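Q: First the structure, which I've put down as structure tokens, then a few questions once you've had a look.
The values are calculated or read from the model by the stated rules, or taken from the named source; none is laboratory data. Everything numeric in this text was worked out from a predicted model, so none of it was measured. Quick reminder, even Gly has a Cβ in these numbers, built from the backbone with ideal geometry, and neighbours come from all protein chains shown. We work out accessible area using only protein heavy atoms, side chains counted, and drop any ligands, DNA or RNA first. Shrake-Rupley method; radii C 1.70, N 1.55, O 1.52, S 1.80 Å.
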Amino acid sequence: MTSVISKPGASPRFGSATALTCRECGAAFDLGGRHACSECFGPLAVTYDLPPVTREAIEAGPPNIWRYASLLPVPPGIGSTRTTEPGRTPLIRADNLARTLGMRALWVKDERANPTHSFKDRVVAVALAAAIEMGHRVLACPSTGNLANAVAAAAARAGIRSVVLVPASLEPQKILASAVYGCLLVTVDGDYDDVNRLACELAEEREDWAFVNVNVRPYYAEGSKTIGYEIAEDLGWRLPRQIVVPVASGAQLVKIDKAFRELAALGLVPGDTVRVYGAQASGCAPVARAFRAGSSVVEPVRPDTVAKSLAIGNPADGPYVLDVVRRTGGSVTDVPDEEIVAAIGLLAQSEGIFGETAVGVTLAVLRRLLAAGEIDPGEETVIINSGDGLKTLDAMAGAVRVPEPVRPSLAAFEQAYRQASPAA
Ligand SMILES: *Cc1c(COP(=O)(O)O)cnc(C)c1O
Ligand SMILES: [Zn+2]
């Protein structure tokens, strides 16, 4: 293992983080703006010398992701006075849905409660904190929609400029919901993988810009650990036995698993293995395909699915998703668009939770895994609702009927009511 650390020990600017370590060859580098290994070009991850942390200290922290600041690559004391921060989203016990599915105990981690209504606010908050420490003055990203919303909002709040690049074919709601924050919005003729390639080229040109998921990616990805920490805290400092997570780049799934293992290593939860299951849409299932083939190589695909937030054909963390699900005894499964749309409706109609297409993928995969006997209906299970259905309304246009208007009279109402409720 090569070490190119100039001075050992933590830099307080990045809390208890000590290095950026290559996920392929293990070479270690100074914390800073680097994101790829100079030895083998592998991706880098933040590594720590985690301090002793108590449940009480965490519980006494701010009501947002910064209660876990000592486990993140951010300066100590961050965020304790701010109020519009992500995190502490509800873990909703879904008894109606569990009954329908024949399960004993099911929870939905509901990420709609974040400032821009998806879990992307978590990753952006950590990326922004690191970017500010590194002196960046512009926040940028390629995005499948939710990330652009989160970057534009966080930059506005921090008083810095943002530049977001998205495929022109995204849901109009997601494009508008970025523009409203006053970002520089660039819509690109091409799919996400084209947008991402352009952003990687741009990041080489403009080293002073922080592309949250490109040159600041090691920090960005750490933000998803907070989903895992919160699930454990909300279960009374223990882990579920099974979790289903949507997979686009795969970073969220990999970091939730990392969070569970960190908590166990710190002695904050019993160290039971959580079986981790990845969920993809059949129209963009490169990781599910590799899993089924027993391969560790993820072959890129061209996405075509209603679940646009998951439409990454060449996922950066794909191989690491395969590592996690194979190590924990989970899997990666894909589902067609009809099942995705049906699952969005099932969640809304059983729990009053209107999630975006990504949760349709996640819940539809849970149903498949139950039907195949792969998930134990008697074990405690969590699924992630990573975003808000109001941003992907069009996906439901064909699935629910909006009736013609009626005259404002009792008779017209009675007639419409009889037509609408055949059982009555
Ligand atoms: C980005 C996104 C995901 C996937 O996250 P990755 O970390 O890229 O796998 C899942 N759901 C929603 C709603 C997203 O916006
Ligand atoms: Zn390397």
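Q: Of the listed peptides 131-138, 309-316, what is their order by residue-averaged count of other C-beta atoms within 10 Å, with the highest listed first?
A: Values: 131-138: 17.6, 309-316: 23.9.
Listed from highest to lowest mean packing, they are 309-316, 131-138.
Q: Now for a separate question. What residue among Ile375, Thr392, Phe413 has its Cα farthest toward the positive end of the dipole of the stretch 327-424, where the charges are +1 on Lys, Arg and -1 on Asp, Glu, each on the Cβ?
A: Phe413
Q: Rounded to the nearest percent, how much of the accessible area of the stretch 125-165 (1.4 Å probe, protein heavy atoms only) is carbon and sulfur? If you can, show how the numbers build up before the last one.
A: Details: 490 of 980 Å².
The value for the stretch 125-165 is 50 percent carbon and sulfur by accessible area.
Q: Based on the inverse mean of 1/r over its pairs of different Cα atoms, what is the Kirkwood hydrodynamic radius of the stretch 149-219, in Å? Don't skip to the end; give the middle numbers.
A: Details: mean 1/r = 0.0795 Å⁻¹.
Evaluated over the stretch 149-219, this radius sits at 12.6 Å.
Q: Report Rg (one decimal) and Dmax (nearest whole number) for the stretch 270-415, counting Cα atoms only, units Å.
A: Just the Cα atoms of the stretch 270-415 yield Rg and Dmax of 18.4, 65 Å.
Q: Sticking with this one: In whole angstrom, how long is each semi-axis of the equivalent ellipsoid of the stretch 331-424, when you take the square root of 5 times every eigenvalue of its Cα gyration tensor and sort them from largest down?
A: On the way: eigenvalues 229, 46, 26 Å².
One finds semi-axes of 34, 15, 11 Å for the stretch 331-424.
Q: Moving on to the next point. May I ask for the angle, rounded to the nearest 10°, between helix 357-371 and the longest principal axis of the chain, with both axes built from Cα atoms and the value confined to 0 to 90°?
A: That works out to roughly 80 degrees.
Q: Starting from the amide H of Val382, placed 1.01 Å from N in the peptide plane, find each other amide H under 5 Å away whose residue is 5 or more places distant or on another chain.
A: Long-range HN contacts for Val382: Trp107, Gln242, Ile243, Val244.
Q: Continuing with the same structure: Can you compute the charge dipole magnitude of the chain about its Cα centre, using +1 on each Lys and Arg Cβ and -1 on each Asp and Glu Cβ, nothing else charged? Give it in debye, rounded to the nearest 20.
A: Values: 41 positive and 47 negative charges, 119 e Å.
Here the size comes out at about 580 debye.
Q: Quick check: convex hull over the Cα atoms of the stretch 49-170, volume per residue in Å³, rounded to an integer? Don't skip to the end; give the middle numbers.
A: Details: hull volume 18.4 nm³, N = 122.
So the per-residue hull volume is 151 Å³.
Q: While we're on this one: Normalized C-alpha radius of gyration of the stretch 287-353, against 2.2 N^0.38 Å?
A: Values: Rg = 14.0 Å, N = 67, 2.2 N^0.38 = 10.9 Å.
Compared with the compact-globule rule of thumb, the stretch 287-353 sits at 1.29.
Q: Also, quick follow-up: Under the rule of at least 5 residues apart or a separate chain, name every residue whose amide H is placed under 5 Å from the amide H of Val188.
A: Those lying under 5 Å, H to H, from Val188 are Val166, Ala168.
Q: Related question: Helix-derived [θ] at 222 nm for the chain: sum -39500 (n - 2.57) over DSSP H runs of at least 4, divide by residue count, nearest 500?
A: Numbers: 14 runs with 151 residues, N = 424.
For the chain, the value works out to -10500 deg cm²/dmol.
Q: While we're on this one: Roughly what would the spin-label model give for Arg55 and Thr84, points 7 Å off Cα along C-beta, in nm?
A: Result: 3.5 nm between the two label points.
Q: Please work out how much accessible surface Tyr219 shows to a 1.4 Å probe, ignoring ligands, DNA and RNA, in Å² rounded to 10.
A: Accessible area, nearest 10 Å²: 0 Å².
Q: Next question, about the same structure. In whole Hz, with x marking every Gly and Pro, tabulate ³J(HN,Hα) for the stretch 408-421 from phi via Karplus 6.51 cos²θ - 1.76 cosθ + 1.60, θ = phi - 60°.
A: Running phi through 6.51 cos²θ - 1.76 cosθ + 1.60 with θ = phi - 60° gives x, 9, 4, 4, 5, 4, 4, 5, 5, 5, 4, 5, 7, 10 Hz.
Q: Any chance you could get the radius of gyration and Dmax over the Cα atoms of the stretch 241-282, in Å?
A: 11.4, 39
Q: Right, next: What angle, in degrees between 0 and 90 and rounded to the nearest 10, separates the Cα long axis of helix 318-328 from the longest principal axis of the Cα atoms of the chain?
A: 80
Q: Hey, can you rank 16-22, 287-293 by average C-beta count inside 10 Å, highest first?
A: So the peptides 16-22, 287-293, ranked by packing, come out 16-22, 287-293.
Q: Can you run phi through the Karplus equation (6.51, -1.76, 1.60; θ = phi - 60°) for the stretch 388-400 and list ³J(HN,Hα) in whole Hz, with x for Gly and Pro?
A: Working through the residues one at a time gives 9, x, 5, 8, 10, 3, 4, 4, 9, 4, x, 9, 10 Hz.
Q: In whole Hz and in residue order, list the ³J(HN,Hα) couplings for the stretch 238-255 that follow from phi through the Karplus curve 6.51 cos²θ - 1.76 cosθ + 1.60, θ = phi - 60°; x for Gly and Pro.
A: Values, residue by residue: 8, 9, x, 8, 9, 9, 10, 10, x, 10, 10, 6, x, 5, 4, 4, 4, 7 Hz.
Q: Could you calculate the contour length gain from Glu39 to Arg418, that is, 0.36 nm times the residue separation minus the distance between their Cα atoms, to one decimal place in nm?
A: Working it through step by step, the gained length comes to 129.3 nm.
Q: Assign one of three labels to the stretch 27-108, namely rounded, prolate or oblate, based on the Cα gyration tensor with a ≥ b ≥ c the square roots of its eigenvalues; rounded applies when a/c is under 1.5, prolate when it is not and a/b is larger than b/c, and oblate otherwise.
A: Values: a/c = 2.70, a/b = 1.54, b/c = 1.76.
Cα axes put the stretch 27-108 in the oblate bin.
Q: Right, next: Ile78's amide H: which non-local residues (gap 5+, or another chain) put their own amide H closer than 5 Å, with H modeled 1.01 Å from N in plane and none for Pro or chain starts?
A: Amide H neighbours of Ile78, under 5 Å, 5+ apart: none.
Q: Same structure again: Work out the count of Lys pairs in the chain where the Cα-Cα distance is under 28 Å, with the pair 8 or more places apart or on different chains.
A: For the chain, the number of qualifying lysine pairs is 28.
Q: Among Pro270, Val325, Leu202, pick out the residue whose Cα is farthest towards the positive end of the charge dipole of the chain, where Lys and Arg carry +1 and Asp and Glu carry -1 on C-beta, about the Cα centre.
A: Pro270
Q: Still on this structure, I have one more. What is the ratio of the Cα radius of gyration of the chain to 2.2 N^0.38 Å, where N is its residue count, to two decimals? List each step's numbers first, then the result.
A: Details: Rg = 21.6 Å, N = 424, 2.2 N^0.38 = 21.9 Å.
For the chain, the normalised Cα radius of gyration comes out at 0.99.
Q: What fraction of the DSSP beta bridges in the chain is antiparallel, stated in percent and rounded to the nearest 5?
A: Details: 14 of 45 bridges.
In the chain, DSSP labels about 30 percent of beta bridges as antiparallel.
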